[in-house]
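Asks: Handing you this structure, nothing more for now.
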């Protein structure tokens, strides 16, 4: 299981109710279910991935987060997880609002467009950056709204969403993001992980 | 119409009050089983059949001598694995494969009921079938499942008996029969009653058979079970055993010949009055209305695990109608999974060899059964 999922699962206490939005093949769901006795549901747009999840005995609904989150009642999950997909929605703001409506808390991770490799790629090659966490060409990427860790922090602040925990993941190193080190983390982190609530 | 010796019958002694207000008692429910019930009696799956199905789910149907209607899904090592599970299916009341229906005799007058048989609802059907649980001494079914009208029975069963099934799998169905579907059913009923041999439903006593009307009803319905794309690919404009058009009204096109064949074989195995009664039951089905507009309330007392399945090319019970069930369940935090299967085979997809569907069904059942075993 990738490091990101370990970090996410460490943020969630045992026996909670969790919705994994864009749960893909259910790796995180399965880990939460088996190791933390989490009552976990998934929402996934790909039929193939939904089938994989069913094969693992996971409860998954085929659907689109931009349309199908509205069927869940307010605060019906302790945590709603969204891993590296916020930037792929037509309207990330609406999805974020929905995550915080459905979940008492939300865990959102974003690939950091402010990472130095990304910056150098654009600066020196003059082409859209291709990195480990951004592997697709500009024309085939699902990402519509790329942002940096700093962008996301500013966005969260502007929406008066409470940041309970903000973490930076750089290779396998995990560290806290603070007001003081935001510039550095925004330069070196591959991924930002945010535990938020409203 | 029935060869009684091949039909297992449970006589229900308890009176059953029907939605129409009448009460029936000492009535037959015909059923069939596959596989064997284990010692704990926790491996039973109750399958509900659709409009023209019967209790003979799989293997050779001893009456029609054809394969059972769900042979692709049910059997040893299949999606519903009869090596593992005990499958029960019964003929719905109002039907014509041994359960109490319009071709039975009225015990009071000793005359064939015909249209004097009380109008049956989906609710009545599942209440009648519930007696099978007592018959087999099953406290809780492992699963209930069915497609189309079978799916309606699934929804009604878990509503009426919320703690009697562990897992619930409605397939290609709806919680409220749509205007379009009522319209198609009405077309079928009109075809039957317009046949001069129908004789106000008393064709048996008049030695008549409204076969033409019933065949037309079946032909019209059959079109709705397929998709435009599926029809086009299978038949296109291909001609039936001829080089050119004949400038007449014989079946020039293969699709015409196919529909005529479907109509004619249906007449041999199905009763016209039963067709009226069962389509009426489907039309009356409105679980949303039963709960005053809030479908979620139907499921609020159950802890069952749901898995809803729809098909992309099903325009009779489209994905959205299946999703409405999912939405109602989610809004009360029920345990519900959902998948839409890609298939060009229309509404009939659930009856056919559609691997993605059969795999999903198998995986869901087998994983859920393993979980059930681990709980103990």
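Asks: Other chains near B:327-338: what is the mean number of their Cβ atoms within 10 Å of each residue's Cβ?
Replies: 5
Asks: Moving to a separate point now. Averaged over B:355-362, how many beta carbons belonging to a partner chain fall within 10 Å of each residue's beta carbon?
Replies: 2
Asks: Can you figure out the FRET efficiency of residue A:39 with residue A:155, using R₀ = 25 Å and their beta-carbon distance, to the nearest 0.05?
Replies: 0.25
Asks: Taking 0.36 nm per residue of sequence separation and subtracting the Cα-Cα distance, how much length would be gained by fully extending the chain between residue A:123 and residue A:179, in nm to one decimal?
Replies: Length gained between residue A:123 and residue A:179: 17.5 nm.
Asks: Answer rounded, prolate or oblate for the range B:263-376, using the Cα gyration tensor with square roots of eigenvalues a ≥ b ≥ c: rounded when a/c is under 1.5, else prolate when a/b is larger than b/c, else oblate.
Replies: oblate
Asks: If I take every Cα pair under 8 Å that is 6 or more residues apart in chain B, average their sequence separation and divide by the length, what percent do I get for the relative contact order? Don't skip to the answer; put the middle values down first.
Replies: Working: 740 pairs, mean separation 66.7, N = 376.
18 percent.
Asks: While we're on this one: Using a basic spin-label model with each label point 7 Å from the Cα along Cα→Cβ, how many nm lie between residue B:179 and residue A:14?
Replies: About 5.6 nm, to one decimal.
Asks: A further question on this structure: How big is the equivalent ellipsoid of the range B:127-238 along its three axes, where each semi-axis is √(5λ) from the Cα gyration tensor, reported in whole Å from largest to smallest?
Replies: 34, 23, 12
Asks: In nm, to one decimal, how far is the residue B:370 label point from the residue B:109 one, both placed 7 Å along Cα→Cβ?
Replies: Distance between the two pseudo-spin positions: 5.8 nm.
Asks: Cα centroid distance between the range A:1-33 and the range B:176-207, in Å?
Replies: Each part's Cα centre sits 55 Å from the other's.
Asks: Hey, another quick one. Which whole-number percentage describes the relative contact order of the range B:275-339, with Cα contacts under 8 Å and a sequence gap of 6 or more?
Replies: In percent, rounded to a whole number, it is 32.
Asks: Going highest first, how would you order B:232-239, B:126-133 by mean Cβ packing within 10 Å?
Replies: Working: B:232-239: 12.5, B:126-133: 21.4.
Sorting B:232-239, B:126-133 by mean packing, highest first, produces B:126-133, B:232-239.
Asks: Taking R0 as 35 Å, what's the FRET efficiency between residue B:65 and residue B:244 from their Cβ-Cβ distance, rounded to 0.05?
Replies: FRET efficiency, residue B:65 to residue B:244: 0.45.
Asks: Another question, if that's okay. State log₁₀ I(q)/I(0) for the protein assembly as shown at q = 0.11 Å⁻¹ as given by the Debye formula over alpha-carbon point scatterers of equal weight, solvent excluded.
Replies: Here log10 of I(q) over I(0) equals -1.00.
Asks: So, one more: Rank the residues A:144, B:18 as a footprinting-exposure proxy: fewest other Cβ atoms within 10 Å of their Cβ go first. Could the numbers behind the result be given before it?
Replies: Numbers: A:144 11, B:18 17.
With the fewest neighbours first, A:144, B:18 line up as A:144, B:18.
Asks: Using Cα springs under 10 Å in a Gaussian network model of chain A, which residue among A:19, A:43, A:90 shows the largest mean-square fluctuation?
Replies: A:90
Asks: Count the DSSP beta bridges whose two residues both fall in the range A:3-197, then state the antiparallel fraction as a percent rounded to the nearest 5.
Replies: Within the range A:3-197, antiparallel bridges account for around 45 percent of the total.
Asks: Let me ask something additional. Give me a single rounded figure for A:45-57: the average over its residues of other chain Cβ atoms within 10 Å of their Cβ.
Replies: 4
Asks: Shape call for chain B from the C-alpha gyration tensor, a ≥ b ≥ c root eigenvalues: rounded (a/c under 1.5), prolate (a/b greater than b/c) or oblate? Working shown, then result.
Replies: Working: a/c = 1.60, a/b = 1.21, b/c = 1.32.
Note, shape of chain B comes out oblate.
Asks: Another question, if that's okay. Based on alpha-carbon centroids, what's the gap between the range B:43-75 and the range B:219-241 in Å, whole number please?
Replies: For the range B:43-75 versus the range B:219-241, the Cα centre distance is 24 Å.
Asks: I would also like to ask the following. Please tell me the relative contact order of chain A in percent, rounded to the nearest whole number, where contacts are Cα pairs under 8 Å and at least six residues apart.
Replies: 18
Asks: I'd like to compare B:149-161, A:118-130: which one has the highest average count of other Cβ atoms within 10 Å, and what's the full order after that?
Replies: B:149-161, A:118-130
Asks: Looking at the square roots a ≥ b ≥ c of the eigenvalues of the Cα gyration tensor of the range B:42-187, which shape do they give, rounded for a/c under 1.5, prolate if a/b is larger than b/c, or oblate?
Replies: rounded
Asks: May I pose another question? If you average the C-alpha positions of the range A:82-98 and of the range B:303-336 separately, how far apart do those two centres end up, in angstrom?
Replies: Measuring centre to centre over Cα atoms gives 24 Å.
Asks: Which of B:300, B:228 comes first, and how do the rest follow, when ranked by fewest Cβ neighbours within 10 Å?
Replies: Working: B:300 15, B:228 12.
With the sparsest Cβ surroundings first, the list reads B:228, B:300.
Asks: Quick one: order B:314, B:163 by neighbouring beta-carbon count within 10 Å, fewest to most.
Replies: Fewest-to-most ranking of B:314, B:163: B:163, B:314.
Asks: Let me ask another. Considering every Cα-Cα pair within chain A, what fraction, in whole percent, is farther apart than 26 Å?
Replies: Looking at chain A, the distances longer than 26 Å represent 30 percent of pairs.
Asks: Taking the Cα-to-Cβ direction at residue A:6 and at residue A:170 and moving 7 Å from each Cα, how far apart do the two end points lie in nm?
Replies: Going from the residue A:6 label point to the residue A:170 one covers 1.8 nm.
Asks: With r defined as the distance between the Cβ atoms of residue B:13 and residue B:265 and R0 fixed at 45 Å, what FRET efficiency is calculated, to the nearest 0.05?
Replies: The formula returns an efficiency of 0.80 here.
Asks: In deg cm²/dmol, rounded to 500, what helix-only [θ] at 222 nm does the protein assembly as shown give when every DSSP H run of at least 4 residues adds -39500 (n - 2.57) and the total is split over its residues?
Replies: That comes out to -10000 deg cm²/dmol.
Each value in this text was obtained by applying a stated rule to the coordinates, not by laboratory testing. Owing to the predicted nature of the structure, the values given are computational and were not obtained by experimental measurement. Neighbour counts are summed over all protein chains in view; Cβ atoms, including those assigned to glycine, are modelled from backbone coordinates with ideal geometry.
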